[in-house]
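What follows is a set of notes on a single structure, which appears directly below.
The values are calculated or read from the model by the stated rules, or taken from the named source; none is laboratory data. Not measured: the values here are computed from a predicted model. As a convention, Cβ positions derive from the backbone with ideal geometry for all residues, glycine included, and neighbour counts pool all protein chains shown. These area figures cover heavy atoms from the full protein model, side chains too; ligands, DNA and RNA do not enter into them. Shrake-Rupley method; radii C 1.70, N 1.55, O 1.52, S 1.80 Å.
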Amino acid sequence: MLSSVSFRNVTKVTTHVLQEMKLKGEKIAMLTAYDYSFARILDNTGIDIILVGDSASNVMAGHSSTLPITLNEMIYHGSSVVRAVKRALVVVDLPFGTYQGNSKEALNSAIRIMKECGADAVKLEGGKEILESVDRILSAGIPVMGHLGLTPQSIHKFGTYVVRATSEEEATKLVEDAHLLEKAGCFAIVLEKIPAKLGGLVTQQLKIPLIGIGAGREVDGQVLVLHDMLGITLEFSPRFLRRYHNLSEEIRGSVNTYINDVKTLDFPNEKEQY
Ligand code: KIV
């Protein structure tokens with residue numbers, strides 16, 4: 001029985017395990033990964049969910065938004081991650097333009113992600129506007145994670161990355177959207193950059209797990225972009241981001257030492273050659 005084991009000991013995190021974690025009040029930890037090497041390190045830590053986010057568009061490809069990344073590129077990143085992961089639940093983002101406004105295309109995109117990556121689930125941004133796509137994907141037996149609040153694929157509509165749902169009207173819509181996604185059958189929802197109080201309210205009202213990024217601590221779990229929390233990317237510093245490392249500084253230091261070793265003939269030494 002799931003409920004009698006510690007979740008840290010499960011051999012594979014499933015959507016059912018996440019549901020049990022919510023019921024037991026055990027917080028869910030989620031991070032992004034876009035490649036095999038990082039995904040392998042993450043999976044060995046016991047992280048619950050690995051998100052192959054379309055933030056790969058910024059982090060891996062250097063675009064200024066998530067809009068340019070293609071389905072083929074997401075499949076490349078997703079399949080690299082899946083090859084490394086045994087335990088964590090792997091969720092892959094459906095990129096901009098592959099599901100909005102056309103549920104048949106949404107289903108085809110989700111099927112490609114599941115077949116060609118071997119992912120466990122897909123994530124879509126939006127509420128009522130994308131409900132038909134969510135329904136159709138779910139009807140094919142594909143688990144769906146929702147994403148509400150700041151939805152970076154709609155940045156040109158919002159015009160800014162400021163905190164969302166601060167007005168009563170937007171907060172009410174977010175709560176309604178969350179209920180719609182739960183009713184449709186989503187197994188979890190990401191809440192991005194909204195007031196902590198609202199994050200707590202939605203979490204109390206819904207049975208499925210709510211994973212926050214800048215949504216306060218009253219949610220069921222947290223997600224961060226790996227490259228941001230490790231200090232590889234330094235340009236991005238929202239209040240919700242806790243940096244656990246300054247990896248770019250460490251990499252710079254190691255590379256400078258290497259350059260010096262090469263130039264001074266310190267590397268390779270006797271033991272490092274044949
Ligand atoms: O693409 C991404 O990394 C995301 C997270 C910010 C939740 O959607």
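So how strong a dipole does the chain carry about its Cα centre when Lys and Arg Cβ are +1 and Asp and Glu Cβ are -1, to the nearest 20 debye?
Working: 29 positive and 32 negative charges, 111 e Å.
Magnitude of the dipole: close to 540 debye.
My understanding is that a pair violates if its Cα-Cα distance is over 18 Å; which of LYS183/LYS207; LYS22/LYS128; LYS123/LYS197 do that in this structure?
On the way: LYS183/LYS207 10 Å; LYS22/LYS128 24 Å; LYS123/LYS197 24 Å.
Among LYS183/LYS207; LYS22/LYS128; LYS123/LYS197, the Cα-Cα distance tops 18 Å for LYS22/LYS128; LYS123/LYS197.
Under the rule of at least 5 residues apart or a separate chain, name every residue whose amide H is placed under 5 Å from the amide H of ILE28.
GLY221, GLN222
With everything on Cα atoms, drop me the angle between helix 15-24 and the longest principal axis of the chain, reported from 0 to 90° to the nearest 10.
Orientation of helix 15-24: about 80 degrees from the principal axis.
Report the gain in length on full extension from ASN102 to ILE259: 0.36 nm times residue separation, minus Cα-Cα distance, nm rounded to one decimal.
Working: separation 157, 0.36 × 157 = 56.52 nm, distance 5.24 nm.
Between ASN102 and ILE259, full extension yields an extra 51.3 nm.
Under the Karplus relation 6.51 cos²θ - 1.76 cosθ + 1.60, θ = phi - 60°, what is the ordered set of whole-Hz ³J(HN,Hα) values for region 207-222, x standing for Gly and Pro?
Here the 3J(HN,Hα) series is 8, 7, x, 10, 10, x, 9, x, 10, x, 9, 8, 8, 8, x, 10 Hz.
Name the long-range amide H neighbours of ILE232: under 5 Å, sequence gap of 5 or more, or other chain; modelled H, no Pro or chain starts.
Under 5 Å from the amide H of ILE232 lie the amide H atoms of LEU247, SER248, each far enough along the sequence or on another chain.
³J(HN,Hα) across region 70-86 via Karplus (A = 6.51, B = -1.76, C = 1.60, θ = phi - 60°), whole Hz, x for Gly/Pro?
9, 4, 4, 5, 5, 5, 4, 5, x, 5, 5, 5, 4, 4, 9, 9, 10
Quick check on region 125-274: take the gyration tensor over C-alpha atoms, sort the square-rooted eigenvalues as a ≥ b ≥ c, and tell me if it's rounded (a/c under 1.5), prolate or oblate.
Working: a/c = 3.16, a/b = 2.34, b/c = 1.35.
Here region 125-274 falls in the prolate category.
Please report, in Å, the Rg and the Dmax of the chain, where both are computed over Cα atoms only.
19.9, 70
How much length would be gained if the chain were fully extended between PHE236 and HIS16, taking 0.36 nm per residue of separation minus their Cα-Cα distance, in nm to one decimal?
Here the segment from PHE236 to HIS16 would lengthen by 75.8 nm.
Give the cross-link partners of LYS86 among the lysines, using a straight C-alpha distance below 18 Å as the criterion and excluding same-chain residues fewer than 8 apart.
Hits, sequence-local ones excluded: LYS12, LYS115.
R0 = 25 Å: FRET efficiency of THR45 with LYS207, Cβ-based, nearest 0.05? Present the calculation step by step, with values, prior to reporting the outcome.
Values: r = 28 Å, r/R0 = 1.12.
Approximately 0.35, to the nearest 0.05.
Output the antiparallel fraction of DSSP beta bridges having both residues in the chain, as a percent to the nearest 5.
Values: 0 of 27 bridges.
Here the share of antiparallel DSSP bridges comes out near 0 percent.
Carbon and sulfur: what percent of region 75-130's accessible surface (1.4 Å probe)? Let's see the in-between values first.
Values: 1140 of 2190 Å².
Reported share for carbon and sulfur atoms: 52 percent.
Would you grab the residues whose amide H sits under 5 Å from the one on VAL190? Only those 5+ places off in sequence or on another chain, please, with H modelled 1.01 Å from N.
GLY146, HIS147, LEU148, ILE211
At 1.4 Å probe size, with every protein chain present, just tell me what the per residue accessible area of region 6-243 comes to in Å².
Numbers: 10820 Å² over 238 residues.
Accessible area per residue: 45 Å².
Filter the chymotrypsin sites (Phe, Trp or Tyr not before Pro) in region 131-232 to those in DSSP coil with at most 15 other Cβ atoms within 10 Å of their Cβ, and list the result.
Details: sites: PHE158, TYR161, PHE187; in loops: TYR161, PHE187.
Those satisfying the criteria are TYR161.
Could you list the trypsin sites (Lys or Arg not before Pro) in region 161-207 that lie in coil according to DSSP, counting only those with at most 15 other Cβ atoms within 10 Å of their Cβ? If you can, show how the numbers build up before the last one.
On the way: sites: ARG164, LYS173, LYS183, LYS193, LYS197, LYS207; in loops: ARG164, LYS193, LYS207.
Counting only loop positions with at most 15 other Cβ atoms within 10 Å, the trypsin sites (Lys or Arg not before Pro) in region 161-207 are LYS207.
Evaluate E = 1/(1 + (r/R0)^6) for ILE155 and PHE267, where r is the Cβ-Cβ distance and R0 equals 41 Å; express this FRET efficiency to the nearest 0.05. Let's see the in-between values first.
On the way: r = 45 Å, r/R0 = 1.10.
Rounded to the nearest 0.05, the efficiency is 0.35.
Looking at region 74-114, which trypsin sites (Lys or Arg not before Pro) are in a loop (DSSP not H, G, I, E or B) and have at most 10 other Cβ atoms within 10 Å? Intermediate results must be reported in sequence, preceding the final value.
Numbers: sites: ARG83, LYS86, ARG87, LYS104, ARG112; in loops: LYS86, ARG87.
Qualifying residues, ordered by number: LYS86.
Round to the nearest 10 and give me the degree value, 0 to 90, for the angle of helix 196-205's Cα axis relative to the longest principal axis of the chain.
60 degrees
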